[in-house]
């Protein structure tokens with residue numbers, strides 16, 4: 001990876017860096033509003049608006065078009081604006097039709113005084129402002145006309161200079177909490193790097209100023225239009241008031257209405273007074289007339305008094321006569337008493353009539369009736385006079401009521417018009433106040449939107465330092481991390497039996513030994529010696545087992561089984577038998593099939609595999625360990641048995657139906673290889689009666705739940721006699737039993753191994 005990174009970065013593309021600073025005055029700039037307080041959120045929003053304007057697509061399009069116009073108007077490459085290589089590439093890319101939209105009239109502008117001073121950017125001496133601006137306008141119109149033209153494609157595809165993707169690399173950030181905004185840009189051409197930032201300065205300053213001022217100017221125009229409408233409305237209402245006053249002859253309504261109200265009140269008071277006087281005069285006249293009408297009553301009373309006097313004289317006469325009569329009778333007395341009572345009552349009536357007659361001849365005040373007549377005449381005259389005055393006053397009131405009726409609705413209408421004028425005046429004043437505030441805001445906006453470039457973009461002379469060393473180092477570290485991570489991940493997710501330690505945890509039975517897979521290798525290792533030592537280790541464990549688990553059987557029965565096929569039972573059982581035979585022991589190997597299966601790997605070991613350090617996947621069948629069983633066991637030592645009914649019911653090896661009839665097994669060790677117990681039934685009694693049961697497991701296989709169930713059944717039959725041999729392990733797993741394998745290692749490799757094993761003070765000798 002390091003070498004590859006070196007090769008890929010031999011010719012790096014150098015980039016140039018430039019930057020510019022804009023002073024905004026958004027946070028601490030001057031303002032017309034003296035009471036304006038600092039608003040943190042408003043300031044942040046203003047800075048975000050400015051940065052978003054810089055990063056907007058429209059700004060990037062205009063900058064790209066202006067940069068393209070600048071380069072198209074050049075007659076020759078200018079390193080300050082564009083390098084020779086980029087200029088030639090541009091000439092090759094631009095079609096000839098595009099120049100039809102570019103107006104180049106240098107002869108016309110030769111005598112013109114309008115040069116580069118009207119722009120904030122620096123133009124080449126051969127380019128006039130008119131040409132430049134007209135070219136920009138033409139290219140923008142062409143770009144926006146459709147999406148199939150050259151300019152649109154140039155901006156929207158992946159062009160390294162003029163595309164929007166390249167323009168988007170301009171970074172705009174606020175410098176800490178200041179009023180400054182920094183814009184930076186990286187490009188492969190130093191002239192383009194500087195000019196791009198210069199054009200960005202011009203475009204974003206103008207766009208931000210236009211956006212701020214246009215918004216405020218629109219507000220001012222709105223208030224001016226509303227003020228004109230309000231003024232027109234106010235004049236209309238005032239003209240209506242003038243016309244109303246003229247039609248109703250009103251000079252000062254409130255004074256006039258006040259005078260009319262006073263006169264009306266006086267007239268009402270006078271009218272009420274005259275009405276009261278008329279009522280009094282009429283009452284007096286009626287009273288006098290009543291007094292003049294009692295003369296007849298006086299005559300009647302006089303006649304009545306005379307008649308009563310006659311009757312009283314008669315009664316008095318009768319009383320005197322009765323009194324003159326001397327009689328003691330009760331009737332006489334009662335009659336006399338009755339006459340006296342009648343005389344007394346009649347006397348009272350006469351007196352009452354006399355008094356009433358006196359009252360008739362005089363008033364209540366005692367004035368004689370004869371004096372009342374002149375008064376009556378005066379009252380009659382006075383009453384008629386008052387009645388005539390009231391008739392005149394009624395006519396005057398009718399005329400005044402008509403005038404007063406005109407003043408009443410006039411007041412309401414006048415009040416309504418005055419109220420409308422007042423509302424219109426308030427509206428006018430409010431709009432005028434808003435207009436003043438809008439103009440003040442407009443002036444404040446002009447001050448706040450006046451961005452200035454305090455640090456113009458500079459022309460970069462040196463490219464940005466290359467990151468080649470960092471890339472190479474990162475590639476090496478990344479490769480190391482990836483390889484190490486892959487190894488750790490593979491190790492973590494590796495659920496195979498792998499080695500004796502892992503297999504012991506999964507199988508939960510002791511292990512008898514291990515045997516590595518014999519790959520074809522060119523490393524200088526003595527595999528035969530390693531295999532022999534591992535077989536000795538297995539036999540040592542077998543002997544140790546028989547010492548700790550003594551048996552009365554003269555023939556030691558060893559059952560070799562596996563849960564799956566192709567686990568290496570035949571090879572392991574044959575080599576154990578061969579090792580016992582070399583030790584001088586008589587051995588018989590019983591197998592259900594005498595054919596020797598050899599599985600070869602179809603993959604080839606190429607140079608690339610060897611260069612990358614991969615192990616040869618092919619087995620080395622030339623090793624003595626993998627030789628056929630019939631090569632080192634005789635016919636009477638390697639016997640086949642039948643898988644019949646006797647096999648399932650066999651309690652020992654003698655009950656097996658061997659292929660060679662009449663053969664008597666008289667060996668010290670009988671090794672019985674059973675077929676894989678997942679596909680075939682197995683003799684339960686035979687396993688239970690065996691002295692040792694060996695489970696052969698392949699290291700590169702997964703131990704499944706089905707295997708675990710089969711193993712648990714075997715454990716129930718031989719709980720203390722069951723051990724396993726792990727087969728086909730990696731060669732380095734052998735070191736856990738035999739120690740470090742003798743290999744030819746350089747001094748550097750040995751030192752690195754010590755470092756990784758943290759064995760800094762270890763040595764191989766005293």
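What follows is calculated from the coordinates using simple rules that are stated; it is not laboratory data. These numbers come from a predicted model, not from an experiment. Neighbour counts run over all protein chains shown; Cβ positions are idealised from the backbone, glycine included.
Packing here is the average count of other Cβ atoms within 10 Å per residue, and on that basis the peptides 343-353, 497-507, highest first, run 497-507, 343-353.
Neighbour counting of Cβ atoms within 10 Å sorts the residues 319, 558, fewest neighbours leading, into 319, 558. Here segment 632-698 is treated as a sphere whose radius is the Kirkwood value from Cα pairs; by Stokes-Einstein at 37 °C and 0.692 mPa s it diffuses with a coefficient of 253 µm²/s. Relative to one another, the C-alpha centroids of segment 529-579 and segment 683-748 are positioned 11 Å apart.
What ranking do 235, 698 get, fewest neighbouring Cβ atoms within 10 angstrom at the top? Write out the running numbers ahead of the final one.
On the way: 235 11, 698 17.
Least to most surrounded, the residues fall as 235, 698.
When 455, 239 are sorted by how many other C-beta atoms sit within 10 angstrom of their C-beta, beginning with the fewest, the order is 239, 455.
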